[in-house]
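A quick write-up on the structure given underneath.
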Amino acid sequence: MNVKHRVAVIGFGSIGKTVVNELLGTDSATRFDLAVFQREGSRSQISLPASVKRFIDLDGVLDWKPQLVVEAAGQVAVRQYAPICLSAGIPFLISSTGALASEELRLRIEVAARSGTSKALIISGAIGALDYLSAAARLPGTRVTYESRKPIAAWREELRELGLDPDATDEPVILFDGDAETAAQRYPRNLNVAATLALAGVGMRDTAVRVVADPGVDANTHVITVEGPSGTLHTRIVNAPSLDNPKTSAIVAFSVVNAIHQYFAPLQFT
Ligand SMILES: NC(=O)C1=CN([C@@H]2O[C@H](COP(=O)(O)OP(=O)(O)OC[C@H]3O[C@@H](n4cnc5c(N)ncnc54)[C@H](OP(=O)(O)O)[C@@H]3O)[C@@H](O)[C@H]2O)C=CC1
Ligand SMILES: O=C([O-])CC(=O)C(=O)O
């Protein structure tokens, strides 16, 4: 049987483009009907594949009746579109998990999902081990620390804002030491992972985050430590940056693709 899954992707940047291309390449058993939502005036309008529908307003997306809406556009887009889709009964996959560092938005999304009997889904994104973390966090006393260490290319604008010349930075710069809520909100394009860990683990305020811009690395490096009564997890993930966006690890688009396949699969990891 040739079942077609109807999926709308918001954003056609480094993640959105790869997701669409990967899903178009899927073999016939799991073929997708795809649409991309791009805001008016978007920079990347011309490059949509011919078989992919294009919408420039959310009403068009809703009328098309997707089975799943996938956000690959940024934290603002989660705020703009997640509650509307969810209350209309459409599941919404969130890449920009840092949007959920806002308790107000998180509650609004939960209310919308309940009222629409739908679900907001959260990608693993650039990291892993969330299954272990969520289980360990059920035990009191579990502590979580996270270090994000990326090349200077991921931090050029932010370094300039601090009065530093990215091209003359030859030592690691500690940009931030604090909690996950502040990290995800201060660096919305680089620290979504902090919020993901906090959501899966011990919460926004109790997840300790350090952010380093390091001229000595050429990969996006994520070090996660979970310590508690159940044991210790220490994981170091070294991600190749996306070719289109040095802030984003290349694996993130494949985490989204994987989450979409999982959503429609009869067998699921939890
Ligand atoms: N969970 C995780 O591990 C990770 C999450 N992310 C999240 O994914 C997001 C996307 O990453 P990436 O693809 O690399 O980013 P890009 O900047 O390459 O692409 C973003 C795309 O979204 C579009 N867009 C931006 N804002 C809106 C909006 N309000 N409504 C509709 N479209 C919009 C942009 O279009 P336009 O041409 O109009 O600007 C662009 O096409 C990041 O901003 C980050 O929040 C990223 C990495 C890791
Ligand atoms: O892709 C990454 O390495 C992480 C990232 O940008 C984020 O968490 O926002």
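A few notes on this one:
- Residue within region 219-241 that is within 9 Å of ligand 1 (Cβ to nearest atom) and open to solvent by 50 Å² or more (accessible area, probe 1.4 Å) present: no
- Just one of the listed residues (A112, A73, A82, A88) is out of contact with any strand residue (DSSP E or B) (no Cβ under 9 Å at 6 or more places or on another chain) and surrounded by 16 or more Cβ atoms within 10 Å (Cβ to Cβ), and it is A88.
- Here is the figure for region 158-203: residues that are aliphatic (A, V, I, L, M), closer than 27 Å to A135 by Cβ and open to solvent by less than 20 Å² (accessible area, probe 1.4 Å) total 9.
- Matching residues in region 213-226 - criterion: being farther than 20 Å from G128 by Cα and either in a strand (DSSP E or B) or at pLDDT below 95 (or both): A213
- Taken across region 248-255, residues that are in a loop (DSSP other than H, G, I, E, B) and at pLDDT 95 or above do occur, with at least one present.
- Test: residue in region 48-68 that is under 30 Å from H222 (Cα atoms) and of a type in the set (V, I, T): no
- If only residues of region 196-233 that are in contact (Cβ under 8 Å) with a residue 12 or more places away in the chain and among the hydroxyl-bearing types (S, T, Y) are counted, the one that is farthest from V252 (Cα to Cα) is S230.
- Among the numbered conditions (1) more than 16 Å from ligand 2 (Cβ to nearest atom); (2) open to solvent by 80 Å² or more (accessible area, probe 1.4 Å), the only one that I56 does not meet is (2).
- Some residue of region 83-94 being farther than 22 Å from V226 by Cβ, modelled with pLDDT of 95 or more and within 16 Å of ligand 2 (Cβ to nearest atom): yes
- Positions within region 28-52 being open to solvent by 40 Å² or more (accessible area, probe 1.4 Å), within 15 Å of ligand 1 (Cβ to nearest atom) and either in a loop (DSSP other than H, G, I, E, B) or modelled with pLDDT of 85 or more (or both), in sequence order: R39, E40, G41, R43
- Residues in region 128-157 that are away from ligand 2 (no atom under 16 Å from the Cβ), out of contact with any Asp or Glu (no Cβ under 7 Å at 6 or more places or on another chain), open to solvent by 40 Å² or more (accessible area, probe 1.4 Å) and not in a loop (DSSP other than H, G, I, E, B): D131, Y132, S134, A135.
The values are calculated or read from the model by the stated rules, or taken from the named source; none is laboratory data. Just so we're clear, the structure is a prediction, and the values are computed from it rather than from any experiment. Neighbour counts run over all protein chains shown; Cβ positions are idealised from the backbone, glycine included. Heads up: the accessible areas ignore ligands, DNA and RNA and are worked out on the full protein's heavy atoms, side chains in. Shrake-Rupley method; radii C 1.70, N 1.55, O 1.52, S 1.80 Å.
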